Structure formats: C-alpha cells, structure tokens
Amino acid sequence: LTSPLPSSHRYRGLTLVLTFLSYTSYHLSRKPISIVKSQLHPNCSALGPNPHNDSNSSTWCSWAPFDGDNYKELFGALDNAFLVAYAIGMFISGIFGERLPLRYYLSGGMVLSGLFTALFGLGYFWDIHVLWYFIVVQVCNGLVQTTGWPAVVACVGNWFGKGKRGLIMGIWNSHTSVGNILGSLIAGAWVSSAWGLSFVVPGIIITTVGIICFFFLVEYPEDVDCNPPLHHVSCTDSQRACQSSADHSNSPKEPAEEPEAISFLGALRIPGVVEFSLCLLFAKLVSYTFLYWLPLYIVNVAHFGAKEAGDLSTLFDVGGILDPSTYQGGIFAGLISDYTGGRATTCCVMLVVAAPMLFLYNHVGQNGIGTSIAMLIICGALVNGPYALITTAVSADLGTHESLKGNAKALSTVTAIIDGTGSVGAALGPLLAGLISPTGWNNVFYMLIAADVLACLLLARVVVKEARGWCGHMARQRGY
C-alpha cells in the first residue's frame, strides 16, 4: 500500500489548482472585447443590401455608437478605460492585499468582475447605444480586476520556496494563455448571433470560480498547521528530513510577532524591483497590444470573419502554453532561469529573438494559413515568455528577497508594483495601436519592436550583475 501524500503536498496542489482556475477566469473575462470589436463594426457590404432600405447608410449592421468612421478611436477608448483603471488600481491593490484576508479579497474581486463583465454584455439585450455606459462598466471592471494578480501570486509564493519556483510558476502561469484561449472560443461561439452572451457567460464563470475559492482556498501554510517553505536558506536532504520531523511534532508553536507590511517606498528599494518593473512596462505593452488588437488585425489584413479571426488569434496564446520549437515561453523560461539563476538574462535573450520574429510575422505571416499558424505560435512563445517570468517567478523572488529578512508581508506589494508598472504599458499599447493603425499596420509593428528593444535595454544592469556572478562562481570552482 502506498502511503498517502503529506497534508502540505495536498494543500500545495489545491492552492495551485485554485489559483490557476482563478486567474484563468480573470483572463477569460478580459478576452471577449477583442473578439466582439469586429462585430460591433463589421463590413456591412459583405452581408448584402440594407434591409432597412436606408440608402445613405453603409454601416447599417454596426452597433451604435461604434458605427462611425471614428470606431477605432472608440475601441481604443474602451480598451484604455479598462487598462488605465487597472494600472491605477494595481498600485493600490497590493497595499490592500497585504492588509486584508487574501481569500476574501480575491473571491470578492472575482464576483464583482463577473458582475461588470456581464453588465457589458447586457448592453446588447438592453439595447444600449450610449458610449458612457460601456466606458463606466470598463472602468469599474478594470478596478476590481486588480484584486486578482497580487492575491494569487501571494498565495502561491506563500506555499512554494525559491528552489523550483521558476519551473512551477512557468507551468502555473499558463493560466494567462489558457484563459485567453477559452475566452476567445467562448466569445466566438456567440459573437455572430448574440454578442452579449460573449460577456455574460464569462461573467458567470468567473463568479462561480470566485465562490469556490471563497470556500476552499488556504492562504498560508500556518493556517493548516504546515510549515512555510524555505525561501533563501539552502539545506541538505538530511536537514529537510529533520525539518519534516519537526513539522509533525506535537509541541505547540509559539506565537510569533506579526511583521509589519512593507511600505511602497520600501518595496521600491528592493534590488531589481525598479528594473524589472520598467522592463515589464514595455513587455506588457507588446503582449496586451496583441491581446486587444490581433483579431481586428487578422480581419483587416487576412480578411477573415469575426469568428475565424478570433479562433486564429488563439494560436498566439497557444504559443504561450506549448511551442514545439521553443518549448513554451513561460515553462522554458522558468526552467532555464531556475538552472542558471539568471532571470534577467533569460528575459533578455527571449526579447532579443522576439523583435525580428514580430517583423517577420507582419511581412510574411499572412502568406498562407500554415505560415500564419507557425508565426503566431512562435511570436506567442517569445512575447509571453519574459512577461510570464517577470510577473510570476521574478515577482515572488523579489517579494521574498533576502534583504527583507523573512518578512513575507512584502510579496503582495512588490507584485502589485511590478504588475502595476507593467499595466501602464498594457494601457499604452492598445492606445498607441488605435492611434497608429490608421497610418498602416507596419507602423504598429515597428512600435512593438521598439518596445521589445527598450525592455531588453532596461535589464542591462541586472544582466551584467548576473554575468559577474557566474564568472565569480566559475572562478571559485577552478580555485582562483
């Protein structure tokens, strides 16, 4: 008979599954807007004559107020209403996340996210045609969605030590791509018939997952009499065995003094926080431009329908899960960075390779369906790899940095600072794409390539530091 898994292993598995499902549903609820855009302002002439016999109308099938020539600017306004609110709210969210129960904070945010996602779709059934309604819903949704990322990263960081964090979080971070794929497929199922359901159904899903998390998520190992993981102290197998036996001792634990939550400026002083935050600003700019504009780009350039473009755009996120040629952005990046200890170097290598791949996708990516599929998968792996690594393993490393002397209260704040700065880029990317796209899609891709290069340059100092560390380690091994 096999012995049952230790309780700590079971709780770790449960934490991974619940947080994975949580953030999958967050991204699932964000994706429909990119799919529905092409249905709000479709090519009406391809659908035949105007059944309303209005000879002056060439946009009879569009949804007001997105039926004018300025529809791209209005789409950009929708994106930025969400993303600017998200970026502003993220800096505040981490501070609240350190001071409120994570389980309540996460599940409450998910229920509210489900409400506002569904309200956007209900605009279809309530026949709403005023821009302010959709803008207000997007702003509210952006604010409440900031509860998700600091909470889930803090929960995972509380349960897992540094040793295999890059690999574990690389696999776990595929929730972003899984959520985007499911969101695209769910939205695509109703986009051509009743686009309101493209929002209502994801809203119901995220609300349901939030309720499940409320009842079953465990925030800290100490809450269920498990010892917290070792973040920085290396130990041998025998030491681990001693620790394991200590975990099961019957002696009561002495209450420890509760550490104070770190301040915003204190988190900024942690080595590497500023560099990785600014790098993520440009990396997330690229990722979110694809998230919000790729389906419309495919419709305009490859002339697919709304559903077909939505389905094809999921291949960019497939590259964020499993790319046979590059082994998957997040998982491969996490595995390599665990082995080398070079988080910044791993990010820089992928950013350097991503820039020419983006150029190639724009120029040859539409030369046949096979070429388009291959390029989307490769670009998705290279773009999502650094973004995934910084927002997961790097954030958790810095939030439990040795300079904090064991104070785990910094994890949510550091995560919020890094992702909040990245969210500024996430807001800028779709905005710039909306402003630049009327001048040609080539200019949009030049903007994305420039952002990739800047993201790489901002990590130069950390890369040099990592290289010096490797050289010193090799010299010590050779006895110099």
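The values are calculated or read from the model by the stated rules, or taken from the named source; none is laboratory data. This structure is a prediction, so every number in the text was calculated from the model and none was measured. Please note: Cβ atoms are built from the backbone with ideal geometry, for glycine as well, and neighbour counts cover all protein chains shown. Side chains included, ligands, DNA and RNA excluded: accessible areas come from the protein's heavy atoms. Shrake-Rupley method; radii C 1.70, N 1.55, O 1.52, S 1.80 Å.
Return yes or no: is Gly330 open to solvent by less than 20 Å² (accessible area, probe 1.4 Å), outside any loop (DSSP other than H, G, I, E, B) and modelled with pLDDT under 55? It would help to see each step written out before you state the result.
Details: open to solvent by less than 20 Å² (accessible area, probe 1.4 Å): yes; outside any loop (DSSP other than H, G, I, E, B): yes; modelled with pLDDT under 55: yes.
Spelling it out, Gly330 is indeed open to solvent by less than 20 Å² (accessible area, probe 1.4 Å), outside any loop (DSSP other than H, G, I, E, B) and modelled with pLDDT under 55.
Kindly evaluate Gly114 against the criterion of being surrounded by fewer than 22 Cβ atoms within 10 Å (Cβ to Cβ), of a type outside the set (Lys, Arg) and in a helix (DSSP H, G or I). For Gly114, the condition - surrounded by fewer than 22 Cβ atoms within 10 Å (Cβ to Cβ), of a type outside the set (Lys, Arg) and in a helix (DSSP H, G or I) - is not met. Are there helices (runs of 4 or more DSSP H) fully within region 163-225 with at least 2 residues that are among the β-branched types (Val, Ile, Thr), open to solvent by 50 Å² or more (accessible area, probe 1.4 Å) and at pLDDT 95 or above? List them. Because the criterion is at least 2 residues that are among the β-branched types (Val, Ile, Thr), open to solvent by 50 Å² or more (accessible area, probe 1.4 Å) and at pLDDT 95 or above, the helices (runs of 4 or more DSSP H) in region 163-225 that meet it are 197-216.
Only one of the listed residues (Gly305, Gly368) is of a type in the set (Gly, Ala, Ser), at pLDDT below 85, surrounded by fewer than 20 Cβ atoms within 10 Å (Cβ to Cβ) and out of contact with any helix residue (DSSP H, G or I) (no Cβ under 9 Å at 6 or more places or on another chain). That residue is Gly368.
For region 430-480, filtered to residues that are among the charged types (D, E, K, R) and outside any loop (DSSP other than H, G, I, E, B), the residue that is modelled with the highest pLDDT is Asp452. Figure legend. Inter-residue proximity from region 122-141: first residues assigned to a loop (DSSP other than H, G, I, E, B), second residues of a type outside the set (A, V, I, L, M, F, W, C), beta-carbon distance below 8 Å, spacing 6+ or different chains. Indicated pairs: His129/Pro65; Val130/Pro65. In region 61-75, the residues that are in a loop (DSSP other than H, G, I, E, B) form Cβ pairs under 6 Å with partners that are among the hydroxyl-bearing types (Ser, Thr, Tyr), at six or more places apart or across chains, as follows: Asp67/Thr59.
For region 136-162, residues that are over 15 Å from Thr415 (Cα atoms) and at pLDDT 70 or above total 11.
Residue-level analysis places Glu258 among those that are modelled with pLDDT under 55 and either among the acidic types (Asp, Glu) or part of a loop (DSSP other than H, G, I, E, B) (or both). Applying the criterion of being modelled with pLDDT under 70 and part of a helix (DSSP H, G or I) to the residues of region 23-52, the residue that is surrounded by the fewest Cβ atoms within 10 Å (Cβ to Cβ) is Ala46.
Within region 285-302, the residues that satisfy the criterion of being at pLDDT 85 or above and closer than 9 Å to Ala426 by Cβ are Leu285, Ser287, Tyr288, Thr289. Leu335 meets the conditions (1) at pLDDT 75 or above; (2) in contact with a Gly (Cβ under 7 Å, 6 or more places away or on another chain); (3) surrounded by fewer than 23 Cβ atoms within 10 Å (Cβ to Cβ) in every case but one. The failed one is (1). Restricting attention to region 418-451 and to residues that are of a type in the set (A, V, I, L, M, F, W, C) and out of contact with any Leu (no Cβ under 7 Å at 6 or more places or on another chain), the residue that is most open to solvent (accessible area, probe 1.4 Å) turns out to be Leu435.
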